[in-house]
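Asker: Would you mind keeping the following structure in view while I ask a few things?
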Amino acid sequence: MAEIVLNAISKSFGSTKAVADLDLTVRNGEFVVLLGPTGAGKTTTLRLIAGLEKPEAGSVAIDGMDVTETPTSARNVAFVFQQYSLYPHYSVFENLAFPLKAPGQNLTAAQIKTRVQEIAELLRIDHKLENSATALSGGEMQRVAIGRALVRNPTVFLMDEPLSSLDAKLREDLRVELKRIQRDLGATIVYVTHDQLEAMTLADRIGVLDEGKLVQIGDPREVYETPASVYVAQRLGSPQINLLAVGMLELPSVPPSATTLGIRPEDILLDRSEGAVAKVINVEHLGVETVILLELAGQHLHALLGDAASLEEGAEIAIGVREGAVLFFDADGKRVDPLKAGVSEEAVYGT
Amino acid sequence: MTDQPSGRSADSLTDRVARATPGAVVQRVRGLSDTAIAWLFISPTILLLLAINIFPLIWTVYLSFTNYRANRPGRAIDWVGTRNYERLLGNEDIWGYLQATAHFVVWTMVIQVFIGLSLALLINRNFKGASFWTTVILIPMMLSPAVVGTFWTYLYQPQTGIFSYIINLFVAVGPVDMIGSVDLAPWSIIIVDTWMWTPYIMLLCLAGLRSIPEYLYEAAEIDRANTWQKFWYITLPRIMPFLMLAVLFRGIENFKMFDMVVELTSGGPGSTTEVASINLKREAFEKWRTGYSSAFAVILFVTVFGLGNIYVKALNKVKQ
């Protein structure tokens, strides 16, 4: 298996910088998820690792070998394309068998058949093997695309939103399946998504991209709990983190450079005896949890409650914040660590 | 119109047409069903087709069973049954003409597909000046076959022509008489047809190549296919419908090849290049055996029609 090292890599399309001076190390057997909105450079990063794009600057190394000038076919990477990229004029079987017919594979027809059958059963497309690749639903095409990557044993898996067009149930199943495959094979996977749930559940480490730059990388909890900036904080968590100006809530202490408060919906406490008074705008019961939309001084806030709160719309309630759960951001959107800012009262932070 | 409110000016043309239509016409058109109106619109075309395509076809089939001669209009037309067909199919010369035609069609198609596809693959590499060379390659196709035939007879001149001269640069065989030699005459037409129509095959192949999405090659690259596999498993299957269509069009045209043969060899020497259409013209308008030549025309028509249909079935299968 393999380690991937991207060293100060850059790629532009015309005047747009898709990836700018990006450093990334993916350890052997690690599942790294690249998260970011459309245009953040996620797909370009994957294509640079695969060699489908040539970098303008920087280098790519796989398994300690500099492969910057190596053509894709010699890198032994598997790529799951977002738009499936199946061979439309072939059947599902032929699509899955194609990677096994590459020069140097030297497999017999029977071996190929067995291998394709295994993968097809794993992805539950074995009943569609004789179908034309174009006569499939979006979800089936995506599974064939994943199958084509799994069918041979590459050193690295690169996946570009592989679950985006599947229905919720299948997506959940495949998420578990992918994680299992990765553990079983000890595979190194770089996975691109804009779905924060996928990122949180699949990743060993999450890398958050913004305009071609890697703004933070770390294990999911770390990125969630101590985001480097407002931008990162907004990428994870549903509903999104609430952002308030300093002074809208009474807090025991605020670092002097902080201008914005970030409060996760689950950290908002309702029905306090004292505190800022907010108005309940909307209550959504989602079964296990309840999402409450509040209005505080003209600004909307989301609160997430574990129990089915019996709140009425239009009611006025006092709200508070779980102690030590507030994130502080400065005028540039960077997180300010209250400990480093020297505010002793906030010592409970981060426990 | 400008002083109208803008909301009404959008449909004012329809309004004005409606107002300008005489009441009687409005009544009559309103009384028609959709089907009737559809027929009304396509009937001029249908009448034209019937008059210049269908009727002559049926009339030819009828004449093929008679001893009619178009240069003797006063003579009674006798029904001779299948005698014309019997004579045709029993005539060994006819098989010779059909063989000459088949030889011409098969070789032009094989050579043109090979060169046309190669050129298309080259042009598709988008090198500098590719569009200039495309235009240059297309020039022969834009010329009139009569002109092409005439100037190639000059090029083919054994003593003064440049063709013979160039051959002699490579192999010193002396004057090469392309048109006058029994062995070379069929190839003289094949070469000119290839020179003229390869660009057409290239153009359709190029259209096919341009329609192949880049991602298929990226996927193949990921699947570690080599250049040959990419051509064999992606390029060729994807351009096959285009290639087959080009061959269909050119094959039918070449089956009927007439003008260039007349200009170059007129069927000679002897009857080595007497393709079917040349012989047909001779029988019909030199010997005036109208009934007999009608039968020949019907046989040719059925052959092309039959082969064309089989071919189109294959084409549809390739396209799926």
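Asker: With respect to residue A:83, determine if the residue is surrounded by fewer than 19 Cβ atoms within 10 Å (Cβ to Cβ), at the interface with another protein chain (Cβ under 8 Å from one of its Cβ atoms) and polar (S, T, N, Q).
Answerer: Taking the combined requirement at face value, the residue satisfies it.
Quick grid of which residues meet (1) in contact with a Lys or Arg (Cβ under 8 Å, 6 or more places away or on another chain); (2) of a type in the set (S, T, N, Q); (3) open to solvent by 20 Å² or more (accessible area, probe 1.4 Å); (4) within 15 Å of residue A:240 (Cβ to Cβ):
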position	(1), (2), (3), (4)
A:259	no, yes, yes, no
A:265	no, no, no, yes
A:269	yes, no, yes, no
A:275	no, no, yes, no
A:278	no, no, no, no
A:285	no, no, yes, no
A:298	no, no, yes, no
A:310	no, yes, yes, no
A:320	yes, no, no, no
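Asker: Does the range B:282-303 hold any residues that are within 16 Å of the chain's Cα centre (by Cα) and surrounded by 14 or more Cβ atoms within 10 Å (Cβ to Cβ), and which are they?
Answerer: B:300, B:303
Asker: Can you list the helices (runs of 4 or more DSSP H) lying wholly within the range A:194-302 that have 2 or more residues being touching a Gly at 6+ places or on another chain (Cβ under 6 Å)?
Answerer: Once the helices (runs of 4 or more DSSP H) in the range A:194-302 are filtered for at least 2 residues that are touching a Gly at 6+ places or on another chain (Cβ under 6 Å), what remains is A:230-235.
Asker: Polar (S, T, N, Q), open to solvent by 20 Å² or more (accessible area, probe 1.4 Å), more than 24 Å from residue A:77 (Cβ to Cβ) and touching a helix residue (DSSP H, G or I) at 6+ places or on another chain (Cβ under 8 Å): which single residue out of A:234, A:196 fits that description?
Answerer: Just a single option satisfies the conditions, and that option is A:196.
Asker: Within the range B:129-232, considering only helices (runs of 4 or more DSSP H) that don't extend past its boundaries, which have at least 3 residues that are assigned by TED's automatic domain parsing to the domain that holds residue B:101 and touching a helix residue (DSSP H, G or I) at 6+ places or on another chain (Cβ under 8 Å)?
Answerer: Where helices (runs of 4 or more DSSP H) fall fully within the range B:129-232 and carry at least 3 residues being assigned by TED's automatic domain parsing to the domain that holds residue B:101 and touching a helix residue (DSSP H, G or I) at 6+ places or on another chain (Cβ under 8 Å), they are B:130-142, B:145-155, B:185-210, B:214-222.
Asker: Looking at B:319, B:287, which one is more than 14 Å from every other protein chain (Cβ to nearest Cβ) and more than 21 Å from residue B:153 (Cα to Cα)?
Answerer: Just one listed residue meets the conditions, B:287.
Asker: Something else now. Counting only residues that are among the hydroxyl-bearing types (Ser, Thr, Tyr) and more than 27 Å from residue A:98 (Cβ to Cβ), which one in the range B:186-226 is surrounded by the fewest Cβ atoms within 10 Å (Cβ to Cβ)?
Answerer: B:200
Asker: Go through the residues of the range B:218-239 one by one and say whether even a single one is under 24 Å from residue B:130 (Cβ atoms) and more than 12 Å from every other protein chain (Cβ to nearest Cβ).
Answerer: yes
The values are calculated or read from the model by the stated rules, or taken from the named source; none is laboratory data. The structure presented is a predicted model; accordingly, all values stated were derived computationally and were not measured. FYI the Cβ positions are ideal-geometry reconstructions off the backbone, even for glycines, and counts take in every protein chain you see. Just so you know, the surface numbers come from the protein's heavy atoms only, side chains and all, with ligands and any DNA or RNA stripped out. Shrake-Rupley method; radii C 1.70, N 1.55, O 1.52, S 1.80 Å.
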